[in-house]
1. Quick one: which of ARG103, ARG78 is modelled with pLDDT of 90 or more, touching a helix residue (DSSP H, G or I) at 6+ places or on another chain (Cβ under 6 Å) and open to solvent by 30 Å² or more (accessible area, probe 1.4 Å)?
2. Across region 47-80, what is the number of residues that are farther than 23 Å from ALA126 by Cα and touching a His at 6+ places or on another chain (Cβ under 8 Å)?
3. Return the total of residues in region 241-264 being in contact with a helix residue (DSSP H, G or I) (Cβ under 7 Å, 6 or more places away or on another chain) and in a strand (DSSP E or B).
4. Kindly establish whether TRP278 is in a loop (DSSP other than H, G, I, E, B) and of a type outside the set (Val, Ile, Thr).
5. Is there any pair linking a residue in region 334-349 that is part of a helix (DSSP H, G or I) to one that is acidic (Asp, Glu) and surrounded by fewer than 22 Cβ atoms within 10 Å (Cβ to Cβ), with Cβ under 8 Å and at least six apart or on different chains, and which?
6. What's the total number of residues in region 234-257 that are closer than 24 Å to SER183 by Cβ and surrounded by 16 or more Cβ atoms within 10 Å (Cβ to Cβ)?
7. Any residue at all in region 124-146 that's in contact with a strand residue (DSSP E or B) (Cβ under 9 Å, 6 or more places away or on another chain), under 26 Å from ASP359 (Cα atoms) and at pLDDT below 90?
8. Looking at the structure I just gave you, is ALA230 open to solvent by less than 30 Å² (accessible area, probe 1.4 Å), over 22 Å from SER162 (Cα atoms) and modelled with pLDDT under 90?
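The values are calculated or read from the model by the stated rules, or taken from the named source; none is laboratory data. What you see is a predicted model, and the numbers here were worked out from it, not measured in a lab. Please note: Cβ atoms are built from the backbone with ideal geometry, for glycine as well, and neighbour counts cover all protein chains shown. In case anyone asks, the SASA skips ligands and DNA or RNA and just uses the protein heavy atoms, side chains included. Shrake-Rupley method; radii C 1.70, N 1.55, O 1.52, S 1.80 Å.
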Amino acid sequence: MATGVELPGVPRHDPEVTRHRMVAGRFSGVDQGRALTWGLVTVVTLLGIGVVFDPELVAISFVFPLIVVSGLVLEPQRHGIVLAAAGAVVLLWGPLAQLSVARVVGVYVAVALVMAQTVVISRSRALVGTRGLGADRMFADLRDRIDQVGRVPALPAGWHASSSILSAHGDRFSGDFVIANLSPAHDRLQVALVDVSGKGTGAGVRSLLLSGALGGLLGSVSADGFLRAANDYLVRQGWDEGFATAVHLDLDLRTGAFSIGNAGHPAPALFTAGRGRWTVLEGLHGPLLGVVPDVDFPRATGRLDRGDALLVYSDGVIEARGRDLTDGVDRMLGVAAASVVRGGDIACDVCATARSGQDDDRSAFSVHRG
């Protein structure tokens, strides 16, 4: 058969691609973890030979980075092989080292501590199912995706909205999150502020899952059915600590008409420019999400006129250990009032001055009609 003839519908043979596939196929059966294990063992062995025959050139401290690398990239069983080799080298080095007994013992203790830390790291990586820094990158990507989903979209002229989330003790993962959706016509805004049970990193995993699930619901189901759908989803998860509180806002950006639903969340606050004061929308409390199946959630309606504002927030903004909740609400409303007067960022201001401080997650969302 002649070569160089291209048949219709048959992809052209690329020698370069074929060569890469052959190389990949040749090494596809290689256990990379095993190869890396014995590679590290070999390096540790060479280190042992070096510290015995030329201790001035090869220092025993070179064993530390090898132990750390092993803990980062190997599974616990194989990491144990490297640790055994490193331990043998260090024990062999001790009697031959021209150092005082105290300094040798100090090295033994330091190596043992580093080994113990790397065992913890290796087991942690094994639980996540990643090696190296893959887990850190994965969680950083998930965190960034939460931030992106909760980013308030640009609103039409005359409207200003903002959100703020501050996690307990400065952790980057929070049990509070905000999701927002602006309709394609830019005439309707839906926002949900959710507070997952727990706080900080402990609630971060549930927050990661819920933010994705509820973000898919927001804008896809009717405003009246959002909290019910969110509750049904959470009930199906069957988590031991699976409840959450939430508040859902549906705002018509053409008229200012809004409806708001509450699932065990602190009552929203409304600023009326004509009266120049904030009021709490009491009497709007539904059950917690994820506790009781097939329940409905009450909704209140209202209207934002020129100069009016609406604020929703988590309990971390108003609660503080040993303090009365009413005092926390009054303090928040005072901060919000001052923020409106000076044209500040209401959500950021009330979170930054929350009475709980660093002890709890704090989140808020505000929308203001100019």
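1. Unique residue meeting the criteria: ARG78.
2. Within region 47-80, residues that are farther than 23 Å from ALA126 by Cα and touching a His at 6+ places or on another chain (Cβ under 8 Å) number 0.
3. 7
4. Judged against the criteria, TRP278 is not a match.
5. Qualifying pairs under 8 Å: VAL335/ASP349; ALA336/ASP349; ALA338/ASP349; SER339/ASP345; SER339/ASP349.
6. Adding up the residues that qualify gives 8.
7. Taking every residue of region 124-146 in turn, at least one turns out to be in contact with a strand residue (DSSP E or B) (Cβ under 9 Å, 6 or more places away or on another chain), under 26 Å from ASP359 (Cα atoms) and at pLDDT below 90.
8. no
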